[in-house]
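K.L.:
Questions regarding the structure given below will be posed in turn.
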Amino acid sequence: MHTFAYVRPTTVAEAVAILDAGGRDARVLAGGTDLVIRLRDGSATPTTVIDLKRIADLRPGVREEGGRLTISATTVMTDVAADPLVRRHFPALAEAAAVVGSVQIRNRATLGGNVCNASPAADTATPLLVFDATVVAEGPGGTRRIAIDDFFVRSGVTTLQRGELVTAIELPIPAVATGSAHVRRTRRRGHDLASVTLSVRVDALGVTRFAYGSVGPRPVLAVDDTGVLADPAVPAEARSAILERMFADASPSPRSMRASPAYRLAMLRVLGARALRSAIEQLAAGSD
Amino acid sequence: MAETHRIEVTVNGLPRMLEVPPHHTLLDVLRDDLRLTGAKECCLVGECGACTVIVDGRTVDSCLVLAVEADGCEITTVEGLAQDGSLDPLQRAFLDEGAAQCGFCIPGQLMAAHALLAGNPHPTVAEIQEGLAGNLCRCGSYLQITDAVLATAAEGTRR
Ligand SMILES: Cc1cc2nc3c(=O)[nH]c(=O)nc-3n(C[C@H](O)[C@H](O)[C@H](O)COP(=O)(O)OP(=O)(O)OC[C@H]3O[C@@H](n4cnc5c(N)ncnc54)[C@H](O)[C@@H]3O)c2cc1C
């Protein structure tokens with residue numbers, strides 16, 4: 001590994017100042033499960049590495065406030081998956097956090113790192129999209145709230161600006177009953193990113209939100225507000241046209257080592273139908 | 001040469017003060033500076049689990065943790081499992097069940113299993129498989145490893 005200066009700021013303001021001064025040569029370190037690999041293989045060569053884990057205002061945790069959950073960016077997947085508030089209000093996010101890598105990875109991998117790394121296969125990206133999350137960023141110009149759908153650009157690239165870091169993810173607690181699920185296809189459990197990730201959320205008003213990843217340069221959100229998909233009584237033929245429209249933005253790369261485009265597109269439909277069934281069942285069970 | 005950092009860690013119950021360069025991993029420091037060679041260097045990308053150690057009660061792949069990040073932490077390596085010269089029940093069960101073939105992955109498997117049992121003293125087979133999913137065994141001793149964890153859990157009940 002090449003060497004670098006390691007800094008451990010104690011306030012967000014200090015971290016932002018160092019990040020802004022360093023520009024492209026400075027890099028934020030959270031759990032390191034992406035960054036340390038890149039430092040070692042030389043695909044990231046920062047001269048300054050800024051560790052976020054000793055910043056008092058960035059302590060990991062989940063809190064409920066003003067009708068929303070705020071998850072600190074440094075919260076690790078193990079804790080996101082186990083959090084009672086996340087499990088109650090956002091089951092698909094808890095499910096997604098619980099399948100990231102292995103126990104060892106989940107004990108380090110943070111929610112903030114997962115979104116900032118912006119892998120098209122990031123497991124938490126799709127639940128955050130269906131739950132309409134907001135990314136809270138702190139930078140030289142102050143605080144910015146970015147809708148998660150406006151955050152991802154392509155692998156490794158987000159709309160964060162120079163000097164900005166993510167402090168938290170906010171999730172509005174749904175005002176109506178909802179059901180949600182997260183599913184994925186992997187080659188091997190515990191050791192690989194998924195070849196398809198998909199989350200779905202249905203609500204009592206009949207709105208269905210799908211998000212899927214690993215089938216294009218960034219995760220995609222698609223919304224059906226006709227009420228058709230959320231209604232289990234609608235016959236399969238009537239749904240299939242709408243489902244096709246939902247998946248129209250999938251454009252898997254032919255160069256991927258994980259799976260062919262044809263396989264991914266086929267699996268997207270299988271997983272979509274499966275997740276939708278679970279979400280509808282959950283919604284029905286919850287409103288009993 | 002990069003500036004080094006002074007860190008204080010507790011390793012297997014002993015306080016240690018170390019000078020570490022920022023780009024050395026916890027695995028480097030355990031093996032090369034502290035001569036604790038139980039944790040193995042293998043894939044270096046967090047996939048095989050051979051470098052698993054416990055930091056503040058949680059398993060990590062020590063190849064993905066910078067040593068300087070561990071400042072102030074309590075670390076347990078496989079060398080810390082045996083107490084007063086006698087093997088930990090989990091180590092004994094691995095021997096009894098023939099779970100160790102070549103042995104290379106075993107320190108990591110032991111640490112993952114140790115942390116699993118600490119949080120869940122009576123895991124199901126599925127929970128053992130999930131708890132140890134981050135530890136590869138190229139000899140394919142997964143059945144024996146699972147049996148060893150089950151046997152340790154059962155023995156824990158008897159004692
Ligand atoms: C073996 C293995 C298996 C994996 N499996 C999965 C999987 O199944 N699903 C999945 O989604 N991912 C997986 N990953 C990828 C990785 O674990 C996740 O993306 C993780 O959430 C990254 O978080 P981190 O805290 O480790 O990020 P880091 O490595 O610390 O950082 C990642 C990137 O984000 C930036 N960053 C981090 N935090 C912030 C912040 N608060 N503000 C601004 N920038 C920030 C860093 O500068 C860096 O560029 C796996 C990784 C490994 C090694």
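K.L.:
Would you mind working out the magnitude of the charge dipole of the protein assembly as shown relative to its Cα centre, with +1 at each Lys and Arg C-beta and -1 at each Asp and Glu C-beta, to the nearest 20 Debye?
P.N.:
Result for the protein assembly as shown is approximately 960 debye, rounded to the nearest 20.
K.L.:
Enter the Cα centre distance for the pair region A:217-248 and region A:121-154, rounded to the nearest angstrom.
P.N.:
What the calculation gives is 24 Å, centre to centre.
K.L.:
Within chain A, which is the longest segment that contains none of the trypsin sites (Lys or Arg not before Pro) sitting in a DSSP loop with at most 10 other Cβ atoms within 10 Å?
P.N.:
A:1-187
K.L.:
To the nearest hundred square angstrom, how large is the accessible surface buried between A and B, total for both chains, probe 1.4 angstrom? Mind showing how you got there, number by number?
P.N.:
On the way: alone 13230 and 8550 Å², together 19250 Å².
Using a 1.4 Å probe, the pair buries roughly 2500 Å².
K.L.:
Moving on to the next point. Given Cα pairs under 8 Å that are at least 6 residues apart, what percent is the relative contact order of chain B?
P.N.:
Over chain B, the number comes to 23 percent.
K.L.:
A further question on this structure: Among A:Gly141, A:Met257, B:Leu143, which residue has its Cα positioned farthest towards the positive end of the charge dipole of the protein assembly as shown, with +1 placed on the Cβ of Lys and Arg, -1 on the Cβ of Asp and Glu, and the dipole taken about the Cα centre?
P.N.:
So the residue furthest toward the plus end is A:Met257.
K.L.:
Separate question: Output the 0 to 90 degree angle, nearest 10, between the alpha-carbon long axis of helix A:261-286 and the longest principal axis computed from the alpha carbons of chain A.
P.N.:
Between the helix axis and the principal axis of chain A, the angle is about 80 degrees.
K.L.:
Could you do me a favour and compute the accessible area per residue for region A:5-51, 1.4 Å probe, result in Å²?
P.N.:
For region A:5-51, the solvent-accessible area averages 42 Å² per residue.
K.L.:
Which whole-number percentage describes the relative contact order of chain A, with Cα contacts under 8 Å and a sequence gap of 6 or more?
P.N.:
Numbers: 642 pairs, mean separation 45.3, N = 288.
Across chain A, relative contact order equals 16 percent.
K.L.:
What is the helix-to-structure angle for A:236-246, meaning the angle in degrees between its Cα long axis and the longest Cα principal axis of chain A, kept from 0 to 90 and rounded to the nearest 10?
P.N.:
Relative to chain A, helix A:236-246 is tipped by roughly 20 degrees.
K.L.:
Select from A:Leu35, A:Pro9, A:Leu19 the residue farthest towards the positive end of the dipole of region A:5-51; place +1 on Cβ of Lys and Arg, -1 on Cβ of Asp and Glu, and compute about the Cα centre.
P.N.:
Toward the positive end, the furthest listed residue is A:Leu35.
K.L.:
Quick check: the distance between the Cα centres of region B:1-79 and region B:86-159, to the nearest angstrom?
P.N.:
About 22 Å separates the Cα centre of region B:1-79 from the one of region B:86-159.
K.L.:
Using a 1.4 Å probe on the heavy atoms of the protein chains only, list every residue of region B:22-49 that has 30 Å² or more less accessible area in the complete assembly than in its chain alone.
P.N.:
B:Pro22, B:His23, B:Leu44, B:Val45, B:Glu47
K.L.:
Taking 20 Å² as the minimum loss, tell me which residues in region A:1-16 lose that much accessible area going from the chain by itself to the full protein complex (1.4 Å probe).
P.N.:
Buried-area filter returns A:Met1, A:Thr3, A:Phe4, A:Tyr6, A:Arg8.
K.L.:
Could you do me a favour and compute the accessible area per residue for chain B, 1.4 Å probe, result in Å²?
P.N.:
46 Å²
K.L.:
What number comes out for the charge environment of A:Val12, summing +1 per Lys or Arg and -1 per Asp or Glu over other residues with Cβ under 10 Å away?
P.N.:
Summing Lys/Arg as +1 and Asp/Glu as -1 gives -3.
K.L.:
So, one more: So what's the net charge close to B:Thr37: Lys and Arg +1, Asp and Glu -1, counting the other residues with Cβ under 10 Å from its Cβ?
P.N.:
Numbers: positive: B:Arg31, B:Arg35, B:Lys40; negative: B:Asp32, B:Glu41, B:Glu79.
Charge balance near B:Thr37 sits at 0.
K.L.:
So what is the diffusion coefficient of chain A in µm² per second by Stokes-Einstein at 25 °C and 0.890 mPa s, using a Kirkwood Rh over Cα pairs? Write down the numbers at each step before the final one.
P.N.:
On the way: Rh = 19.4 Å.
Answer, rounded: 126 µm²/s.
K.L.:
Would you work out what percent of the accessible area of chain B, with all protein chains in place, is carbon or sulfur (probe 1.4 Å)?
P.N.:
Carbon and sulfur atoms account for 50 percent of the accessible area of chain B.
K.L.:
Treating the angle as unsigned and between 0 and 90°, give the value, to the nearest 10°, between the Cα long axis of helix B:142-158 and the longest Cα principal axis of chain B.
P.N.:
80 degrees
K.L.:
Sticking with this structure for a sec: Apply the a/c threshold of 1.5 to the C-alpha gyration tensor of region A:1-125 and tell me whether it is rounded, prolate or oblate.
P.N.:
oblate
K.L.:
Tell me which of B:Cys51, B:Pro89, B:His114 sits at the most positive position along the dipole axis of region B:1-153, charges placed on C-beta atoms (Lys, Arg +1; Asp, Glu -1).
P.N.:
Highest projection toward the positive end goes to B:Pro89.
K.L.:
Which residue, A:Ala118, A:Ala233, A:Ala44, tops the fluctuation ranking in a GNM of chain A built on C-alpha contacts under 10 Å?
P.N.:
In this elastic network of chain A, the residue with the biggest mean-square fluctuation among A:Ala118, A:Ala233, A:Ala44 is A:Ala233.
K.L.:
Around B:Gln91, with a cut-off of 13 angstrom between Cβ atoms, what is the net charge of the other residues, counting Lys and Arg +1 and Asp and Glu -1? If you can, show how the numbers build up before the last one.
P.N.:
Working: positive: B:Arg92; negative: B:Glu79, B:Asp88, B:Asp96, B:Glu97, B:Glu155.
Here the count lands on -4.
K.L.:
Hey, got the dipole for region A:5-51? About the Cα centre, +1 on K and R Cβ, -1 on D and E Cβ, debye to the nearest 20?
P.N.:
Charge dipole of region A:5-51: 100 debye, to the nearest 20.
K.L.:
Then there's this: Please get the size of the charge dipole for chain B, origin at its Cα centre, with Cβ charges of +1 on Lys and Arg and -1 on Asp and Glu, quoted in debye to the nearest 20.
P.N.:
360 debye
K.L.:
Kirkwood hydrodynamic radius of region A:117-256 from all distinct Cα pairs, in Å? Please list the in-between numbers first.
P.N.:
Details: mean 1/r = 0.0617 Å⁻¹.
The answer is 16.2 Å.
K.L.:
Just tell me how shielded B:108-119 is by partners: mean number of partner chain Cβ atoms within 10 Å of each residue's Cβ, no decimals.
P.N.:
1
The values are calculated or read from the model by the stated rules, or taken from the named source; none is laboratory data. Bear in mind the structure is a predicted one, so any value in this text is a computation, not a measurement. Cβ atoms come from the backbone with ideal geometry, glycine included; neighbour counts cover every protein chain shown. Protein only, heavy atoms only, side chains kept; ligands, DNA and RNA dropped before computing areas. Shrake-Rupley method; radii C 1.70, N 1.55, O 1.52, S 1.80 Å.
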